[in-house]
Amino acid sequence: MKERILKNIAAIQTAGKSTAELYNEISSAVMREISFTAPAPDQKSAYYLSIEFLIGRMFYNNLLELGILDEVRDILKEKGVNAAVFEEIEDAALGNGGLGRLAACFVDSAAGLDLPVYGRGIRYKYGLFKQKFENGFQEELPDDWQSFGDPWGVRRENEARIVKFADAEVRAVPYDIPIIGKNRINTLRLYQAEGSEGAEKISEYLYPADDTEEGKLLRLRQEYFLSAASVGELVDAYVAVHGTDFSAFPAFNAVQLNDTHPVLAIAEFIRILTGSYGVPFAKAVRLAGKTFGYTNHTILPEALECWPQEYLKKLLPEIYAVLKKLDERQRREFRRKAVLEEDAAAMRIAKNGIFSMANTAVYVAHRVNGVAKIHSAILKDSLFRAAYLYTPEKFVNVTNGITQRRWLMLCNEELSALIDSKIGTGWRGDIGLLSEMKKFRKEDTVLAEFAQIKSKKKEQLAEYVYRKEGIRLLPDAIVYAQVKRLHEYKRQLMTAFAILEIYEKLKSGELAGFKPTVFLFGAKSAPAYFRAKGIIKFINEIAKKIAGDESVNKKLQVVFVTDYNVSYAEKIVAGADVSLQVSTAGLEASGTGNMKFMMNGAVTCGTMDGANIEIVEQAGRENNYIFGAEVDEIDSLRRNGYDPNAILAQDGAARRAIETLVDGTFDDGGRGYFRELYDSLTVGASWHKPDHYFILRDLPDYVEKLLLINREAGTHEFTQKQFANAVSSAYFSSDRSIREYAENIWEL
Ligand code: 26V
């Protein structure tokens, strides 16, 4: 196969062709030769249902997975084409952050491990919006990712199916994308909605604005569309082979619900079995239980899907009836078992006119998992406490992971080559072997090479930033990076205040020996998230002010990169020295960016939250910079009162930083963003108490750690710390996560 692909590519005429044309021809030359591995009929398969798949650019990754990336580069070079030109091709951003990227890493690992695990998602016409800054304000443009063609997607016209709503029938047309592993090629199947104009809307946008009822209904349609297309397909395939006795369905199918968005799949499964095949309700629920697993990815209440019962009644009356019946069954069961009223209330599927998708999933599924140790513990102690007491056997943890193929081999060929030269290439097939690198922790020559690679990756990052933003990063600076969705709980705003404090200290001459430092931000804000947009503008204002201040701008620089995405991340994680992971303890379920940075040898400056805790466990707390209140303290502040104003009265530096929001230092164009941010910290706003995310509690510790890092950076000890992180990262391979899902949840 390899040989034929290479021959195909060698035969391509390159002269006079545009990058997009060449991209399509080369990709098609690959697609012509590869074939999807058919699931063995006697074997169990797992299906990963997700509203997002943030795959990123497929071109280089697929060539890497096929083991022909270098050869293709050489062939193109002979033709006078630099393979790097394909970086112009947009990546498919059918996701928004960690949840979608995790789904992409998981399907990659499953293929690599030769496991029959298949993704099911939606083929949005427009992915996550493209971001630009207009005078520092975020603006959103549509992401027309298919404008370059979609050579990796295969339309399966004859496998299209109908999804029915009360007011419409919609065609769900699959597009299959190859997920390439060494020994198999799995399918990621994305459904596209077709039919009337209204039907097409369903797969038009990822996260359509849902501030109107119409928007909410559209989102509900999307979720049902994904659920019904996927479940319908699995049931049909089962019936074709095994007939209509569904007893063995769970022996052949596992379905993993990636968060609450696809939970209607449970109701759809029960609807089909009871409605079309006469399976008794209780049996259908039992089979659903054995089939479905549910992964929770956040404890933030606003992100747990809840649907007004009225919507379901109107749009999906049969699903409404199933959920009602499930709710009644649950009520009867709780009465029979004399479950305390308080606990029962917490677990209810239907209450106050809404259906809780999380409670539906927890009630039915046989496994419920969190995505890092601490997160799974919080699910048991708080969010799903009652359910944990009721059915403890359901609850497991699977700590997230990332694919080392994209996040090390592809994005950091230099570090990968260093590893090859020290321990051989076996780690490429078995990531556990990476730990053998630990024996070089004290070897000066290896550390020196490692440090050189970091500098080189930093230069490459700087070139990329220059190309994209037209900004030159300070040469040889320490790069601190905070790149992730923009959300208050992730506390980009706290980093902004820390920078202001450092800026002030620098100006006052307090920081002798301060080494050149770059703070790199990347984030998109949800279009309607007012405060998040204010934070972006605020950071851009700080960046501008510092850049214009001759007294510090050779030492300190702030850059907010535009349109942060997977491809940008590949450059940033490889080039950064310090990974900023500073969420309020208890709120970041896991984080996966933290793992990408670690694997590429950045130290973590962060709180004891999410997977940071396990990162520190693996790499050593002494090799990272941990600060701030831990979960217990945050809980007790929440319970016993927390007064940010008392801190402000004491801490002059913090006060001055925060006052810049309202004292005229910075300008938000009269839009009220900064005043609102200020109020949210000092008096509270939109149903939150002041400083809901405890920024002022953690700010002084944060500044101290940032400055400590600045003093230590560049030393031999610091390089040792970075190295320790890189070589301790094997645990965070999504290969490990997928093995755990396969063993403990899917029983593959
Ligand atoms: C979504 C929304 C949407 C409405 C506004 C508030 C809000 C807040 C959070 C979310 C996130 C939804 C779930 C999610 O993306 N969770 C992320 O999942 C990652 C993979 O498990 C994990 O690493 C991140 O910590 C977690 O935030």
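The values are calculated or read from the model by the stated rules, or taken from the named source; none is laboratory data. Every value quoted in this text rests on a predicted model; they were computed, and no experiment measured them. Don't worry about glycine lacking a Cβ; one is built from the backbone with ideal geometry, like all the others, and counts go over all protein chains shown. Only protein heavy atoms, including side chains, enter the accessible area calculation; ligands, DNA and RNA are left aside. Shrake-Rupley method; radii C 1.70, N 1.55, O 1.52, S 1.80 Å.
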*Can you name the residue in the range 88-126 that is crowded, with 24+ Cβ neighbours inside 10 Å and modelled with pLDDT under 95 and, of all such residues, is farthest from the ligand (Cβ to nearest atom)?*
A92
_What's the total number of residues in the range 44-87 that are open to solvent by less than 10 Å² (accessible area, probe 1.4 Å), not in a helix (DSSP H, G or I) and not polar (S, T, N, Q)?_
8
*Does the range 495-517 include one or more residues that are closer than 17 Å to I542 by Cα and within 16 Å of the ligand (Cβ to nearest atom)?*
no
*What single numbered condition from (1) crowded, with 24+ Cβ neighbours inside 10 Å; (2) away from the ligand (no atom under 16 Å from the Cβ) fails to hold for L580?*
(2)
*Would you pick out the residues in the range 447-490 that are within 16 Å of the ligand (Cβ to nearest atom) and touching a strand residue (DSSP E or B) at 6+ places or on another chain (Cβ under 9 Å)?*
Q482, V483, K484, L486, K490
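Determine whether the range 635-651 contains at least one residue that is of a type in the set (S, T, N, Q), open to solvent by 10 Å² or more (accessible area, probe 1.4 Å), at pLDDT 95 or above and in contact with a helix residue (DSSP H, G or I) (Cβ under 9 Å, 6 or more places away or on another chain). Walk me through it before giving the result.
Kept after step one, since they are of a type in the set (S, T, N, Q), are these residues of the range 635-651: 636, 640, 645, 650.
Narrowing the set further to residues that are open to solvent by 10 Å² or more (accessible area, probe 1.4 Å) leaves 636, 640, 645, 650.
From what's left, at pLDDT 95 or above: 636, 640, 645, 650.
Checking the rest, the ones that are also in contact with a helix residue (DSSP H, G or I) (Cβ under 9 Å, 6 or more places away or on another chain) come to 645.
So far as the range 635-651 goes, yes, one or more of its residues are of a type in the set (S, T, N, Q), open to solvent by 10 Å² or more (accessible area, probe 1.4 Å), at pLDDT 95 or above and in contact with a helix residue (DSSP H, G or I) (Cβ under 9 Å, 6 or more places away or on another chain).
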*asked:* Show me the helices (runs of 4 or more DSSP H) found entirely inside the range 346-445 where at least 3 residues are touching a Phe, Trp or Tyr at 6+ places or on another chain (Cβ under 7 Å).
replied: 357-364, 413-423
_Please determine whether any residue of the range 556-570 is small (G, A, S) and closer than 26 Å to A417 by Cβ._
yes
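Tell me, which strands (runs of 3 or more DSSP E) lie completely within the range 198-314 with 3 or more residues that are more than 16 Å from the ligand (Cβ to nearest atom)?
Values: elements: 253-258, 292-295, 306-308.
Filter on the range 198-314 gives 253-258.
Restricting attention to the range 281-340, report how many residues are aromatic (F, W, Y) and more than 30 Å from T244 (Cβ to Cβ).
Looking only at the range 281-340, we keep the residues that are aromatic (F, W, Y), and these are 281, 292, 294, 307, 311, 320, 334.
After this cut, where a residue has to be more than 30 Å from T244 (Cβ to Cβ) as well, the list is 307, 311, 334.
Within the range 281-340, residues that are aromatic (F, W, Y) and more than 30 Å from T244 (Cβ to Cβ) number 3.
Test I626 against the stated conditions and say whether it is at pLDDT 95 or above and farther than 20 Å from K373 by Cα. Let's see the steps before the verdict.
Values: at pLDDT 95 or above: yes; farther than 20 Å from K373 by Cα: no.
Spelling it out, it is not the case that I626 is at pLDDT 95 or above and farther than 20 Å from K373 by Cα.
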_With the structure loaded, tell me whether S525 is polar (S, T, N, Q) and within 21 Å of the chain's Cα centre (by Cα) or whether it fails that test._
yes
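Residue by residue, here is whether (1) touching a Ser or Thr at 6+ places or on another chain (Cβ under 7 Å); (2) aromatic (F, W, Y); (3) more than 22 Å from D609 (Cβ to Cβ) holds:
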site	(1), (2), (3)
L637	no, no, no
I647	no, no, no
G652	no, no, yes
I658	no, no, yes
F666	yes, yes, yes
R675	no, no, yes
L681	no, no, no
S686	no, no, yes
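Results for (1) of a type in the set (D, E); (2) open to solvent by 20 Å² or more (accessible area, probe 1.4 Å), shown as yes or no for each residue.
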| position | (1), (2) |
| --- | --- |
| Y390 | no, yes |
| I402 | no, no |
| E413 | yes, yes |
| S416 | no, no |
| I423 | no, yes |
| D430 | yes, yes |
| E436 | yes, yes |
| K458 | no, yes |
| R467 | no, yes |
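From L447, L511, L473, which residue is in contact (Cβ under 8 Å) with a residue 40 or more places away in the chain and surrounded by 21 or more Cβ atoms within 10 Å (Cβ to Cβ)? Walk me through it before giving the result.
On the way: L447 fails: surrounded by 21 or more Cβ atoms within 10 Å (Cβ to Cβ); L511 fails: surrounded by 21 or more Cβ atoms within 10 Å (Cβ to Cβ).
L473 is the lone residue from the list that is in contact (Cβ under 8 Å) with a residue 40 or more places away in the chain and surrounded by 21 or more Cβ atoms within 10 Å (Cβ to Cβ).
Confirm whether I546 is touching a residue at least 24 places away in the same chain (Cβ under 8 Å), away from the ligand (no atom under 14 Å from the Cβ), part of a helix (DSSP H, G or I) and surrounded by 24 or more Cβ atoms within 10 Å (Cβ to Cβ). Let's see the steps before the verdict.
Details: touching a residue at least 24 places away in the same chain (Cβ under 8 Å): yes; away from the ligand (no atom under 14 Å from the Cβ): yes; part of a helix (DSSP H, G or I): yes; surrounded by 24 or more Cβ atoms within 10 Å (Cβ to Cβ): no.
No; evaluated as a whole, the condition is false for this residue.
Can you tell me which residue in the range 29-62 is nearest to the ligand (Cβ to nearest atom), limited to those that are acidic (D, E) and farther than 20 Å from T403 by Cβ?
First, pick out the residues of the range 29-62 that are acidic (D, E): 33, 42, 52.
Now drop any that are not farther than 20 Å from T403 by Cβ, which leaves 33, 42.
Values: E33: 34, D42: 33 Å.
Among them, the one singled out is D42.
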*Taking the range 261-283, which residues are closer than 30 Å to P301 by Cα and either at pLDDT below 95 or open to solvent by less than 10 Å² (accessible area, probe 1.4 Å) (or both)?*
P262, V263, L264, A265, I266, A267, E268, F269, I270
*asked:* So in the range 372-382, with the set limited to residues that are under 17 Å from P301 (Cα atoms) and within 13 Å of the ligand (Cβ to nearest atom), which one is surrounded by the most Cβ atoms within 10 Å (Cβ to Cβ)?
replied: H375
*Do we find that S567 is away from the ligand (no atom under 16 Å from the Cβ) and hydroxyl-bearing (S, T, Y) in this structure?*
yes
*List every residue pair whose Cβ atoms sit under 8 Å apart, with the two residues 6 or more apart in sequence or on different chains, where the first one lies in the range 99-114 and is farther than 13 Å from S733 by Cβ and part of a helix (DSSP H, G or I) and the second, anywhere, is away from the ligand (no atom under 16 Å from the Cβ) and aromatic (F, W, Y).*
V107/Y118
